[in-house]
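Peer 1: Let me give you the structure first, and then I'll get to my questions.
Quick note: the coordinates plus some simple rules give every number you see, no bench work behind them. None of the values given here were measured: they were computed from a predicted structure. Positions of Cβ are backbone-derived with ideal geometry, glycine not excepted, and every protein chain shown enters the neighbour counts.
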Amino acid sequence: MRAGNLRAFAKILRANLDLTASLLILLILAILAVFGPFLWPYDPLAISLRETLQPPSLAHPMGTDHIGRDIFARFNEGALISLSVGVAVVITGAVVGGMIGLVSGISGGLLDNALMRLMDAILAFPPLILAMAVTVGLGGGLETAAFGIMLTSVPYYARLIRSDVIRIRQLPFVEAAETAGAGPARIILRHIVPHTVSTLLIQAAALFGYSVLALAALGFVGLGTQVPTPEWGVMITEGLQYALTGQWWIGVFPGFGLLAAVAATSILADKVRDLVDPRGQYAQL
Amino acid sequence: MMQAVVSRLFGSLVAVFGASIIAFLFLRVLPGNPARLVVGPLASEEALQAQMERMGLHLSLPDQYWRYITGFLQGDWGFSYGAGQPVLVQFANRLPASIELGFYAFLFAFLAAVVLGLAATYRRRPAVDAAVRALSVFGMGMPPFWLALILLVVFHEALGIFPGPGLQLSRSIEPPPVVTGFITFDALIAGDLTAFADAIHYLFLPAVALGMLPFGYLVRLLRANLLDVTNEPFILVVRSKGIGLWKTFSRHALPNAFIPTLTASGMIFAQLLGGSVLVEKVFNWPGIGSLVVDSILRKDFAVVQAFIIVSAVIYVFVNAIVDVLYGIIDPRIRN
């Protein structure tokens with residue numbers, strides 16, 4: 001990045017404090033996820049029966065659970081799982097959905113119709129139920145859960161990219177490229193695809209929150225990651241049975257992690273859309 | 001108008017059939033033999049074959065679908081081998097509690113969104129606006145099952161204002177005679193206000209937990225639309241005619257800002273049924289959501305299939321109703 005770009009970036013950050021705050025939150029979560037295991041002395045899986053159900057303290061900032069595991073260490077590990085699975089789901093979903101949208105928008109006709117009806121049918125399913133059914137059908141576990149969530153997110157990309165492609169295809173510069181003798185492959189790759197990237201990125205940021213929450217929901221009902229892996233949804237389930245006996249910290253902290261990650265990315269997605277959209281001010285939230 | 005409604009309803013029927021076909025194919029494609037799950041892993045090959053014939057699994061896929069869908073329309077929704085009950089009986093027992101919870105969650109989300117959407121835009125106070133926006137982001141970022149847990153910890157365990165999970169009505173109160181299956185409505189029909197108040201008391205926390213996400217979404221949408229509309233010239237004209245701020249909002253800005261919110265509301269209301277799954281689990285709510293999750297975990301796909309068709313029906317018809325409502329709210333799209 002050149003110095004000029006850097007200064008422009010700093011200016012945007014100063015002018016949009018909520019953007020700065022959400023970037024900061026994501027950065028902190030990422031640091032905890034990546035460096036937490038090296039910097040924090042407790043192991044997320046280490047059982048310590050002399051320190052069960054300790055409330056938050058200096059030694060254990062988020063307390064300990066029913067078998068004395070340090071919740072802060074588990075929180076950090078959970079951040080790594082949630083964020084990395086969220087990123088993986090969003091990237092694969094964007095690639096698959098983007099491809100379907102691109103093919104649909106360029107081909108038109110019967111293929112377009114068939115693909116879009118398929119997307120509609122997937123959308124008519126309750127997404128969480130579909131993700132659960134796929135996860136169970138494919139044998140459970142973190143990978144199948146991620147696949148199930150990815151599948152339910154594909155239609156959102158596909159429909160958006162399709163309408164984007166149809167819009168871009170009719171713009172004068174595409175016609176100009178055709179007149180200049182560019183072949184279909186060149187037009188698609190050099191002229192249409194680059195113009196869908198910003199839409200795709202913004203949609204991906206918006207769906208990141210959905211992916212993270214859906215993964216936690218699958219973990220919560222016992223699909224996806226299995227005990228004792230400290231995934232945030234699984235941790236909330238574990239906390240549930242202690243919530244009504246006074247040990248609130250077990251289930252509450254992982255939820256804050258989810259809330260922070262999802263809220264920060266949704267603010268980020270909106271802000272970036274506002275900054276990219278020349279008309280600006282759209283739904284400034 | 002009538003013609004539009006009829007063609008819309010016909011389109012809805014086609015969509016429901018599409019969803020039923022996909023649900024059917026999808027559950028057949030999944031690995032694992034449903035008959036094997038019924039007879040158990042130790043049963044002989046003959047017993048497996050006999051069970052497959054009893055379940056119609058030896059037929060071709062189109063024949064199987066035909067059998068299923070004609071049966072479905074005649075009230076034979078299949079048999080849940082996990083629960084040992086016909087699926088229709090399970091649904092009849094469980095669906096009312098879920099629809100009632102979804103209804104109150106939606107009511108909470110919708111009313112809170114209108115009130116706070118207005119508060120955020122009414123006098124353009126930046127502090128109120130920022131608070132509403134923050135609430136909306138939090139509402140959309142919270143896992144509903146986690147919010148359910150927080151609400152239980154704070155309002156049940158710490159403060160003791162609201163009852164805990166497990167019941168829909170206090171044991172000391174006589175349940176109203178069943179008419180609709182919805183406890184609050186039945187209580188009103190019977191004129192039993194004590195039972196009504198008690199049922200609302202039990203519904204409140206789960207409804208808020210379930211309604212928070214749709215609330216966040218609706219208030220965000222309504223706020224953005226209200227801002228757009230109030231910047232339009234006709235609002236200036238209305239104001240310059242000497243119409244008060246309240247009347248400008250209630251008669252002119254709000255109806256105009258309502259169309260996108262209404263679209264979203266229809267989709268949200270229809271989705272609440274599927275979304276209630278996790279909140280029901282936390283509150284031990286005897287609804288369809290907990291049944292479906294248990295059925296998925298048991299691979300009891302007869303229940304899942306019926307649930308998918310029922311939620312597609314609800315989804316499609318709620319949206320059709322919303323389309324008809326457009327015409328009533330907005331004269332421009334009446335034709």
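Peer 1: Under 14 Å from the Cβ of B:Ala264, count the other residues' Cβ atoms, weight Lys and Arg +1, Asp and Glu -1, and hand me the total.
Peer 2: Local net charge: +1.
Peer 1: Determine the shielding of peptide A:116-128 by partner chains: average, over its residues, the number of Cβ atoms on other chains within 10 angstrom of each Cβ.
Peer 2: Partner-chain Cβ atoms within 10 Å, mean over residues of A:116-128: 6.
Peer 1: Quickly estimate the mean residue ellipticity at 222 nm for the protein assembly as shown, helices only: each DSSP H run with n ≥ 4 gives -39500 (n - 2.57), and the total goes over all residues, rounded to 500.
Peer 2: Working: 23 runs with 442 residues, N = 620.
Calculated at 222 nm, the ellipticity per residue is -24500 deg cm²/dmol.
Peer 1: Near the amide H of B:Gln85, under 5 Å away, which other amide H atoms are found, from residues 5 or more places off or on another chain, if H is placed in the peptide plane?
Peer 2: B:Ser80
Peer 1: How large is the Rg to Rh ratio of segment B:96-287 when both quantities use alpha carbon positions and Rh follows Kirkwood?
Peer 2: Reported Rg/Rh, Kirkwood definition of Rh: 1.05.
Peer 1: Just counting partner chain Cβ atoms within 10 Å, what average do the residues of peptide A:209-221 show around their Cβ?
Peer 2: Mean number of neighbouring Cβ atoms from other chains: 3.
Peer 1: Okay, moving on. Calculate how steeply helix B:126-141 sits against the longest principal axis of the alpha-carbon atoms of chain B, using the helix alpha-carbon long axis, and give the answer as 0 to 90 degrees to the nearest 10.
Peer 2: 0
Peer 1: Could you give the C-alpha radius of gyration of the protein assembly as shown expressed as a fraction of 2.2 N^0.38 Å, taking N as the number of residues it contains? Let's see the in-between values first.
Peer 2: Numbers: Rg = 26.0 Å, N = 620, 2.2 N^0.38 = 25.3 Å.
Ratio of Cα Rg to 2.2 N^0.38 Å: 1.03.
Peer 1: Between A:Gly93, A:Gly224, A:Gly137, find the one with the highest GNM mean-square fluctuation for chain A; connect C-alpha pairs within less than 10 Å.
Peer 2: A:Gly137
Peer 1: What does the C-alpha gyration tensor say about the overall shape of segment B:65-125? Classify as rounded when a/c is under 1.5, otherwise prolate if a/b is larger than b/c, or oblate.
Peer 2: Working: a/c = 5.67, a/b = 3.22, b/c = 1.76.
Verdict is prolate for segment B:65-125.
Peer 1: A follow-up question, please. Convert each backbone phi in segment A:43-53 into a coupling constant with the Karplus relation 6.51 cos²θ - 1.76 cosθ + 1.60 (shift: θ = phi - 60°), then list the ³J(HN,Hα) values in order as whole Hz, x for Gly and Pro.
Peer 2: 8, x, 10, 6, 8, 9, 6, 7, 10, 7, 6
Peer 1: Between beta-carbons, use under 15 Å as the cut-off and find the net charge around A:Leu128, counting Lys and Arg +1, Asp and Glu -1. Each step should come with its number before you reach the end.
Peer 2: Details: positive: B:Lys281; negative: B:Glu280, B:Asp294.
With Lys, Arg at +1 and Asp, Glu at -1, the net is -1.
Peer 1: For segment A:229-237, in order, what is each residue's ³J(HN,Hα) by Karplus, 6.51 cos²θ - 1.76 cosθ + 1.60 with θ = phi - 60°, in whole Hz (x at glycine and Pro)?
Peer 2: Karplus values, whole Hz, x for Gly and Pro: 4, x, 7, 4, x, 4, 5, 5, 4.
Peer 1: With θ set to phi - 60°, apply the Karplus curve 6.51 cos²θ - 1.76 cosθ + 1.60 along segment A:141-147 and write out the HN-Hα couplings as whole Hz, x wherever there is a Gly or Pro.
Peer 2: x, 5, 5, 5, 4, 4, 5
Peer 1: Then there's this: Would you tell me the mean number of C-beta atoms belonging to other protein chains that fall within 10 Å of each C-beta in A:129-136, as a whole number? Can you show the working numbers first?
Peer 2: Working: counts 12, 6, 0, 7, 13, 3, 1, 9.
The mean count of partner-chain Cβ atoms within 10 Å per residue comes to 6.
Peer 1: Additional query: Out of B:Phe72, B:Ala105, B:Gln85, whose Cα points farthest toward the positive end of the dipole of segment B:55-135 (charges: +1 Lys, Arg; -1 Asp, Glu; placed on Cβ)?
Peer 2: B:Ala105
Peer 1: Same structure again: What whole-number distance in Å separates the alpha-carbon centres of segment A:12-36 and segment B:229-285?
Peer 2: About 32 Å separates the Cα centre of segment A:12-36 from the one of segment B:229-285.
Peer 1: Same structure again: Averaged across orientations, what area in nm² does the convex hull of the alpha carbons in chain B project?
Peer 2: That works out to 22.2 nm².
Peer 1: Using alpha-carbon pairs under 8 Å, 6+ residues apart, how would you state the relative contact order of chain A in percent? Spell out each step's value before the answer.
Peer 2: Details: 391 pairs, mean separation 60.9, N = 285.
Reported as a whole number, the value is 21 percent.
Peer 1: How much length is gained on full extension from A:Val96 to A:Gln226, taking 0.36 nm per residue of separation minus their Cα-Cα distance?
Peer 2: Full extension from A:Val96 to A:Gln226 adds 44.1 nm.
Peer 1: So, one more: Where the centroid of each part is defined by its Cα atoms, how far is segment A:77-147 from segment A:219-261 in Å?
Peer 2: 25
Peer 1: Per Stokes-Einstein, at 4 °C and 1.567 mPa s, what whole-number D in µm² s⁻¹ belongs to chain A, with the Kirkwood radius over Cα pairs as the hydrodynamic radius?
Peer 2: 62
Peer 1: While we're on this one: Which trypsin sites (Lys or Arg not before Pro) from segment B:179-270 combine a DSSP loop assignment with at most 14 other Cβ atoms within 10 Å?
Peer 2: In loop regions of segment B:179-270 (DSSP not H, G, I, E or B), the sparsely surrounded trypsin sites (Lys or Arg not before Pro) are B:Lys241.
Peer 1: Next question, about the same structure. So for segment A:65-186, averaging the separation of alpha carbon pairs under 8 Å that are six or more residues apart and normalising by length, what relative contact order in percent results?
Peer 2: 33
Peer 1: Percent relative contact order of segment B:96-287, based on C-alpha pairs within less than 8 angstrom and at least six residues apart?
Peer 2: In percent, rounded to a whole number, it is 37.
Peer 1: Rounding to the nearest 10 and keeping the result within 0 to 90°, find how far the Cα-based axis of helix B:301-329 lies from the longest principal axis of chain B.
Peer 2: For B:301-329 against chain B, the angle is about 30 degrees.
Peer 1: Also: Enter the per residue convex hull volume of segment A:154-228, computed from alpha-carbon coordinates, in Å³ rounded to the nearest integer.
Peer 2: 102
Peer 1: Please report, in whole Å, how far the alpha carbons of segment A:50-141 spread along each principal axis, starting with the longest.
Peer 2: In descending order, the Cα extents are 68, 23, 19 Å.
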